[in-house]
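Just so it is clear, none of the values below were taken in a lab; they were calculated from the coordinates. Since the structure is predicted, the reported quantities are computational estimates derived from the model, not experimental observations. Neighbour counts are summed over all protein chains in view; Cβ atoms, including those assigned to glycine, are modelled from backbone coordinates with ideal geometry.
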Amino acid sequence: MQITMNKRFEFKDLPDMKEIRSQIDKIAAQTTIGETLFFKKHGVTSEGEFKLKAIKEGFISKHSHIGWNSWDETAKNVEYIYNELERRGSYITRMGFICDWIMGVPEEYRSKLQPGTGLILKNPDEWKAIGQIAPVQPHMSDHMIGCPNALENARLALEAGVTSIGNVSHYFTYEYPGIELERERTINSLLAFGLMGKFEGTIVHSNLDDGYGNQFHDLANLAGWTMIERYLVEELLGASMTFSYGNLFSDPISRIVFNMVCDATNTKGTPGTMTFGNTIDYGLDFARNYGALCNFSLADAICQRHKPTGHAVASVPVSEACRIPTPEEIIEGHLCVDVMIEKSKFLEPFIDWSKVEAERDILLACGRVFFERVMSGLEDLGVDTQHPGEVFAALKAIGAEQLERNFGVGKKEKTAIRGREPVKPTDIIKTLQTKHQKVFAGVGNVERELEGTKVVIGSTDIHDYGKEMLKSICNTAGAHVFDLGTYVTAEEIIENLLETESKVVMISTYNGIALSFAKELTSLLQENGMDDVVVMMGGLINENIDGSQLAVDVTSEVKSLGIICDNRMEEIVPIIKQVYAGEHEQ
Ligand code: B12
């Protein structure tokens, strides 16, 4: 076993579980669950209670994510969407409030981060009002549990009547550049999970897309990963948990199989939050996106008819790939999903469920092997597998790639990615491979074209697929690539340029900060006399300008700073070649 641990703090310095449990008891005694308009309307005290009733009655819940950045805009739109859907004979049961990443860190650190496109709750009144806008149940998952501010956020959410809170996955992958609070993050997350465990009907949510789900290549390992998260949150911390996913599955049957895998290990009978849409299939052609919306929502509805787990069916607006959607687009998505829910009853009886169950059983059996291998591997590394904090931190320090390489269940094969043939490759990997091949077809044969050149690459946020494509094109062309990873800062780029004397920087960005980032980078380049360095940016070149609610395209502004920003990966090789041949005109 060859494992390198990227330890951010000494795990053995964590408080012991006796101390953590006594703190949880104290905090729980001072916490009460608020009553939302949704609870009043349905006569329940938690969303879990509502869901259990809904499962019995055959009612399928519906979900939307919302992500406007100001409270006023959010409140106005939530009310409008709820009322308008009722008026048009439709419904919405729950809404995921997408908080901005700055909410993931304690108040005193927030000024260190550039606000993104999500909601920022500024005071306790705004928190409290979340469930009082309309009888639609709020769900909070982004930048809550799993982040440095986990405990405070979880408490405020519970007090506001939010009873499904996430996101376990964030612990492993979401970062806050320049803010190193890893030990606090681990302790606060344990306290928050434990706190939720004290209240009947609360649900800890993990969106696998956000965490190692999008980094594993083999679904069998992901099945085992869900067992690991469940062990930590349920067995060791006493809470109840559920899994969500969307982008990981493009094939409708895989979505159903995976729901059944998670259901098979759900010994507490905790109802699901929602299944999210597969937005990786979304592009800029809205008509095609409607096709993708019908595909995943029909599968999710069939699944809920056959074996209801309580997961709401999500409607993802067709504008998802371009920007934060408008309220009207959210409403249109729901009307489309209504038809899928209605028609799913005709299809469900004709599915060959024995085939689906056979697929489920393979993943379950392999998943158990992965679980056992990881647990015994951790023990070999000296990790106390009874201490959830140690396990959380160790799994993060090892990372998805090493976990899969060392403990994966696929057959060992030297030439395979990560050294193993996946038992069942994830759809996200398949979809990306197709995209990758298309881009490569456009790039043409570039072998050795960039020999002797040096390029710096990075992404400003968690979205790293674009960066990975840049890397593989440059590697194929023989360039020396300095990959600064995700959440790269302008300062890190400058430092690397000073060290490596590279002449080209390529940045992939998706989190709505393209212009601010471009300004910071170009001004630092000037300050350091690096006017000859060529910068290319791609991904989603947008930002909320002057307090606008939706991020707007800023391509021309970024271009005016001298950055190449046509978003065409096919053109990077000739540009880099020109730069190093001294033929590039800025
Ligand atoms: C996958 C995904 C995720 C995954 C990322 C996994 C990963 N490891 O990368 C997860 C689930 C983790 C995620 C998280 C978030 N996401 Co996201 N995500 C997406 C999604 C579905 C796909 C983006 C993607 O990677 N596509 C694959 C790439 C390869 O394809 P592409 O984008 O077409 O890339 C091409 C070009 O852009 C270009 N290109 C790309 N980079 C570069 C660079 C250069 C130099 C060049 C020349 C070209 C180039 O070449 C590529 C090939 O042709 C998009 C929606 C969508 N369908 O696009 C939302 C989306 C990008 N996400 C979004 C948001 C808001 C988030 C979150 C902030 C949500 C939240 N509040 O938590 C978080 C990020 C948190 C953080 N701290 O940063 C928004 C961005 C909104 C905006 N800017 O207006 C989007 C648009 C969804 C939406 N409508 O809300 N996300």
**Prompt:** When the helix-only estimate is applied to the chain (DSSP H runs of n ≥ 4, each -39,500 (n - 2.57), divided by the residue count), what is the mean residue ellipticity at 222 nm, nearest 500 deg cm²/dmol?
**Reply:** -14500 deg cm²/dmol
**Message:** With just the Cα atoms defining each centre, how far is region 148-218 from region 535-567? Give it in Å.
**Reply:** 31 Å
**Message:** Once each part is reduced to its C-alpha centroid, what is the distance from region 17-39 to region 455-510 in angstrom?
**Reply:** 44 Å
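Please list 25-31, 207-213 highest first by mean number of surrounding beta-carbon atoms within 10 Å per residue. Before the final figure, lay out each step's value.
Numbers: 25-31: 12.9, 207-213: 24.1.
The packing order, highest mean first, is 207-213, 25-31.
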**Prompt:** Given H placed on each backbone N at 1.01 Å, which residues far from His139 in sequence or on other chains put an amide H within less than 5 Å of it?
**Reply:** Met95, Gly96, Phe97
**Prompt:** What FRET efficiency do you get for Thr326 and Glu501 if R0 is 45 Å and r is their Cβ-Cβ distance, rounded to the nearest 0.05?
**Reply:** 0.45
**Request:** Treat every Asp and Glu Cβ in region 150-273 as -1 and every Lys and Arg Cβ as +1, leave all other atoms uncharged, and give the resulting dipole magnitude about the Cα centre to the nearest 20 debye.
**Result:** 260 debye
**Prompt:** Which order do peptides 81-87, 508-514, 437-443 fall in by mean Cβ count within 10 Å, highest first?
**Reply:** 508-514, 81-87, 437-443
**Request:** Find how many whole Å separate the alpha carbon centroid of region 47-96 from the alpha carbon centroid of region 389-415.
**Result:** 38 Å
**Item:** Under 5 Å, built H, 5+ apart or other chain: amide partners of Asn542
**Value:** Gly512, Ile513, Ala514, Val554
**In sequence order, calculated HN-Hα J values of region 106-122 (Karplus, 6.51, -1.76, 1.60; Hz; x Gly/Pro)** = x, 2, 5, 9, 5, 5, 7, 10, 7, x, x, 9, x, 6, 10, 8, 8
**Prompt:** Expressed as a rounded percentage, what relative contact order does region 11-355 have, with Cα pairs under 8 Å and six or more residues apart?
**Reply:** 18 percent
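May I ask for the net charge around Ile24, where only other residues with Cβ less than 14 Å from the Cβ of Ile24 are counted and Lys, Arg are +1 while Asp, Glu are -1?
Values: positive: Lys18, Arg21, Lys26, Arg155, Lys198; negative: Asp16, Glu19, Asp25.
Local net charge: +2.
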**Message:** Could you tell me the relative contact order of region 380-525? Use alpha-carbon pairs under 8 Å, at least six residues apart, and round to a whole percent.
**Reply:** 19 percent
**Message:** What are the ³J(HN,Hα) couplings of region 524-539, residue after residue, when phi is run through the Karplus curve with 6.51, -1.76, 1.60 and θ = phi - 60°? Round to Hz, x for glycine and proline.
**Reply:** 5, 5, 4, 3, 9, x, 10, 5, 7, 6, 9, 10, 10, 10, x, x
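Does region 327-456 come out rounded, prolate or oblate, given a ≥ b ≥ c as the square roots of the eigenvalues of its C-alpha gyration tensor, rounded meaning a/c under 1.5 and, failing that, prolate meaning a/b above b/c? Each step should come with its number before you reach the end.
Details: a/c = 1.80, a/b = 1.13, b/c = 1.60.
Oblate is the answer for region 327-456, as a/c is 1.5 or above yet b/c matches or exceeds a/b.
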**Message:** Show me, for region 280-297, the HN-Hα J-couplings you get by feeding each phi into the Karplus relation (A = 6.51, B = -1.76, C = 1.60, θ = phi - 60°), rounded to Hz, glycine and proline as x.
**Reply:** 5, 6, 7, x, 8, 8, 5, 5, 5, 5, 4, x, 5, 4, 5, 4, 6, 6
**Message:** Amide H of Lys62 versus every other amide H placed in the peptide plane: which residues, excluding those fewer than 5 positions away on the same chain, fall under 5 Å?
**Reply:** Thr93, Arg94, Val313
**Message:** Give me the percent relative contact order of region 58-162, please, defined on Cα pairs under 8 angstrom at least 6 residues apart.
**Reply:** 31 percent
**Message:** Suppose the chain between Thr4 and Asp546 were pulled fully straight at 0.36 nm per residue; how much longer would it get relative to their current alpha carbon spacing?
**Reply:** 190.6 nm
